[in-house]
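The values are calculated or read from the model by the stated rules, or taken from the named source; none is laboratory data. Remember, predicted model here, so these are calculated numbers, not experimental data. Cβ placement follows ideal geometry from the backbone for every residue including glycine, while neighbour counts extend to all protein chains displayed. Just the protein is used for accessible areas: all its heavy atoms, side chains included, with ligands, DNA and RNA removed. Shrake-Rupley method; radii C 1.70, N 1.55, O 1.52, S 1.80 Å.
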Amino acid sequence: MTDRPAEVGVPFDAIVVGAGFAGLYMLHRLRGLGFTARAYEAGSGVGGTWYWNRYPGARCDIESMQYSFSFSDELDQEWDWSEKYAPQAEILSYANHVADRFDLRRDIRFDTRVTAATFDEAGKHWTVETDRGDRVSARFCIMAVGCLSAPNRPHFEGIDDFGGPVYHTGEWPQDGVDFTGLRVGVIGTGSSAIQSIPIIAQQAAALTVFQRTATYTVPAWNEALTPEYRQSVKASYPALRAKARARPTGFYFPFNMKPALEASPEEREQAYEAAWARGGLPFLGAYGDLLFDKAANDTIADFARAKIRGIVKDPATAELLCPDNVFGCKRLCVDTGYFETYNLPHVKLVDVSKAPIERFTKGGIVVAGTEYLLDAVVCATGFAAMIGSFDRIRITGRDGLTLAEKWRAGPRTYLGVAMAGFPNLFTITGPGSPSVLASMIQSIEQHVDWMVDCMAHLRDTGARSIEATHAAEDAWVEHVNEVAQVSLRSTCSSWYVGANIPGRPRVFMPYIGGFPVYVQKCNEVMSAGFEGFVLDAPAASNREPTVRLTERWRVPLDIDVISPAAVAARRVPVV
Ligand code: FAD
Ligand code: NAP
């Protein structure tokens, strides 16, 4: 940790909390605006998710050539991704490259956690405090804290008595972990577990997986990218990026709008085989109604279960691995050799769905009276998603209202980017935005561009603050809930609804109406002079709004395919 004096009383135009992809891009854009900005980052380096999640097998599950920034054509052209799905270390190198290339580091203070942010009504500015004694002020405060950045460490009785190390995938040791010759336990079977289990199994002497809910996962068919392939994508990158922006998921893949139940069983089988052979998240695009019609969903769930039974040799283990819930209801996983791993003689699956983990002992974990002896445990237990990192900061808005109070019954935002009672506070990929239901870098770029255009507008018109109205916020929250009800995704106990954290109100947090529909709504709000917001502008400068919408978000969206009508008709595949 670097030693540095605390910053006290320093005024900035903007404070950014977090230096993942969101914080980095925000800093870059603020610079372009000529704003002074300071970013604080709890980690010792940039990259966010890719800085913290160094577990074996960690990699993206949206193809690297799309899971990357699109704001700079030079960056697109100069960076070479090595694999279809890049490993964590390479994505972290990319984040570092971006930080260096755009000279962002000098405005970031690392190893510094923001602990409080308080709005000063009279001065219309935010005071931000950190655990390093900093106390600075800024007109704007931008939360770039991430949706999946607060690890969920469930309480297990006796965990402190365990004789070996306990790791969390989301806070993996910087220098890695060598499991060679050890008896390892993994708790959880979500995306992080599914990526790490096959690799840990290669090293460990014995691996025991504690599964509470079986998971659907589709093969990645990851592969090295050839120079020819990379070149072919780069030759038409802007067109690919534009197509991606027009898709509900914010990334491009071919999808079939036809309903599954209109196909014959033979046609469906062929379509699912072809989609399985392509692999990855696009598997869900095999038909247009899979997440809207339970009977349609049953057909893809049956197909996936048949695949599991075909791969896993021990019938009892195969049955345990077969999920019985809606396909794609929890976040779909993408794997390399996950089910095959259970055919290895030293890998064991323990069902903790009916009898939960009882306790840790010095030597291992007890389930239903049986002790499983272990040298090390990996908690792949996920995150306090969407709002966990907000919970860790004391955020106080107008009239002493805290964010914790405001969100007690579930998060409330306008467009996922702003809140009534919290002027000049922006939330990148906040609850109520498409965020985790879209390719996240795409979501981040759109949010940041919109916010920067908004801040420029305030500066140009002399307005000191902008605040969402309660009416606009209520209407947006209602719309977010309404579209969520259309999707089968709202029917299961996933982190999307906060169900993985005991005591959380059950609210579907991301916006499921599709990325382009959301972008269009944001554009309309801006074009109408920030409809649904109140701007505090001096009377003399009450000019016509100067709308500055960043050029690439003017791109006509593919809304013939992804219209609100299509959403209502339950014909939009979402990932
Ligand atoms: P983050 O990367 O989470 O960065 C937030 C940063 O804020 C962190 O560095 C954190 O330390 C910092 N921070 C938080 N609170 C504070 C505070 N109080 N003070 C100071 N700093 C703070 N998305 C995809 O679209 N495709 C993928 O393939 C994909 N794979 C993923 C794999 C894993 C293992 C995980 C966990 C997530 C994945 N995601 C994926 C989602 C991923 O989080 C986003 O794609 C993206 O990296 C988020 O960037 P961000 O900057 O918004 O947040
Ligand atoms: P997750 O999907 O929330 O999975 C957590 C797992 O831990 C679940 O299987 C959960 O079981 C289990 N669990 C939690 N508490 C438990 C307890 N007390 N006892 C037993 N089991 C318990 O978390 P994640 O795998 O870290 O993934 C989170 C998200 O990050 C993903 O959905 C994805 O968006 C992103 N991600 C992406 C990738 C990628 O492929 N690029 C990789 C990792 C993460 P239940 O299901 O029963 O709750």
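At q = 0.10, 0.12 Å⁻¹ the log10 of I(q)/I(0) for the stretch 159-379 amounts to -0.55, -0.76, computed by Debye summation with a single uniform scatterer per C-alpha, solvent ignored.
Its Cα centre serving as origin, the chain has a Cβ charge dipole (Lys and Arg +1, Asp and Glu -1) of approximately 460 debye.
Judged by the mean number of other Cβ atoms found within 10 Å, the most tightly packed of the peptides 283-294, 91-102, 352-363 leads the ranking 283-294, 91-102, 352-363. Near Tyr372, the amide H atoms lying under 5 Å from its own belong to Ile365, Val366, Val367; only residues 5 or more places off or on other chains count, and H is placed 1.01 Å from N. If the viscosity is 0.890 mPa s and the temperature 25 °C, what Stokes-Einstein diffusion coefficient in µm²/s follows for the stretch 300-430 when Rh is the Kirkwood radius over Cα pairs? Here the translational diffusion coefficient equals 128 µm²/s. Local charge for Ser443 was computed over the other residues whose Cβ lies under 12 Å away, with Lys and Arg +1 and Asp and Glu -1, and equals -1.
Each peptide in 313-325, 182-194, 430-442 gets a packing score, the mean of other Cβ atoms within 10 Å over its residues, and the list from highest to lowest is 430-442, 182-194, 313-325. Straight-line reach from Lys354: taking Cα to Cα under 18 Å and skipping same-chain neighbours fewer than 8 places apart, the aspartates and glutamates in range are Glu157, Glu319, Asp324, Glu371. Here the Karplus relation 6.51 cos²θ - 1.76 cosθ + 1.60, evaluated at θ = phi - 60°, turns the backbone of the stretch 164-178 into coupling constants of x, x, 10, 9, 10, 4, x, 9, 6, x, 4, 8, x, 9, 9 Hz, with x for every Gly and Pro.
Ranked by the mean number of other Cβ atoms within 10 Å per residue, highest first, peptides 412-425, 370-383, 166-179 order as 412-425, 370-383, 166-179.
Dividing the mean sequence gap of close Cα pairs (under 8 Å, 6+ apart) by how many residues the stretch 353-416 holds gives a relative contact order of 14 percent. Near the amide H of Arg109, within less than 5 Å, lie the amide hydrogens of Ala39, Tyr40, Glu41, all on another chain or at least 5 residues away, with H placed in the peptide plane.
With only Cα atoms counted, the stretch 342-417 has Rg and Dmax values of 20.4, 62 Å.
A simple rule links phi to the HN-Hα coupling: the Karplus curve 6.51 cos²θ - 1.76 cosθ + 1.60 with θ = phi - 60°, which for the stretch 391-401 gives 4, 7, 10, 7, 9, 10, x, 5, 6, x, 6 Hz, with x for Gly and Pro.
For the stretch 46-204, with all protein chains in place and a probe radius of 1.4 Å, 45% of the accessible heavy-atom surface sits on carbon or sulfur.
Taking amide H atoms as placed 1.01 Å from N in the peptide plane, the amide H of Glu83 lies under 5 Å from those of Leu225, each 5 or more residues away in sequence or on another chain. Got a sec? Charge dipole of the stretch 95-190, +1 on Cβ for Lys and Arg, -1 for Asp and Glu; which of Thr180, Phe110, Pro165 is way out at the positive end? Projecting each Cα onto the dipole axis, the largest value belongs to Phe110.
Only helices enter the 222 nm calculation for the chain: every DSSP H run of n ≥ 4 contributes -39,500 (n - 2.57), and dividing by all residues gives -9000 deg cm²/dmol, rounded to 500.
Each other residue within a Cβ distance under 12 Å of Ala475 adds +1 if Lys or Arg and -1 if Asp or Glu, for a net charge of -3. Counting 0.36 nm for each residue step from Gln270 to Arg398 and taking away their Cα separation leaves a gain of 40.3 nm.
Each residue, Gln203 and Arg408, gets one label point 7 Å from its Cα in the Cβ direction; the gap between the two is 4.6 nm. Can you find, among Ala224, Ala235, Ala260, the residue farthest towards the positive end of the dipole of the stretch 159-379? Put +1 on the C-beta of Lys and Arg, -1 on that of Asp and Glu. The listed residue farthest towards the positive side: Ala235. Judged by a Cβ-Cβ distance under 4.7 Å, the unpaired cysteines of the chain are Cys60, Cys141, Cys147, Cys322, Cys333, Cys379, Cys454, Cys522. Calculate the length of the line joining the C-alpha centroid of the stretch 1-74 to that of the stretch 308-329, in whole Å. Here the answer is 39 Å between Cα centres.
Summing Cβ point charges (Lys, Arg +1; Asp, Glu -1) relative to the Cα centre of the stretch 159-379 gives a dipole of roughly 640 debye. Within the accessible surface of the stretch 226-380, defined with a 1.4 Å probe on protein heavy atoms only, the carbon and sulfur portion equals 56 percent. The average projected area of the stretch 437-519, computed from the convex hull of its Cα atoms over all directions, is 7.1 nm². Where the centre of each part is set by its Cα atoms, how far does the stretch 408-473 sit from the stretch 99-153, in angstrom? If you average the Cα positions of each part, the centres end up 16 Å apart. Distances between every pair of Cα atoms in the chain, grouped in 20 Å steps from 0 to the bin holding the largest one, split as 20, 55, 23, 1 percent. What the chain shows is 38 Å² of accessible area per residue, with the surface traced by a 1.4 Å probe over protein heavy atoms.
The residues packed around Ala368, meaning those with a beta-carbon under 12 Å from its beta-carbon, carry a net charge of -1 if Lys and Arg are +1 and Asp and Glu are -1.
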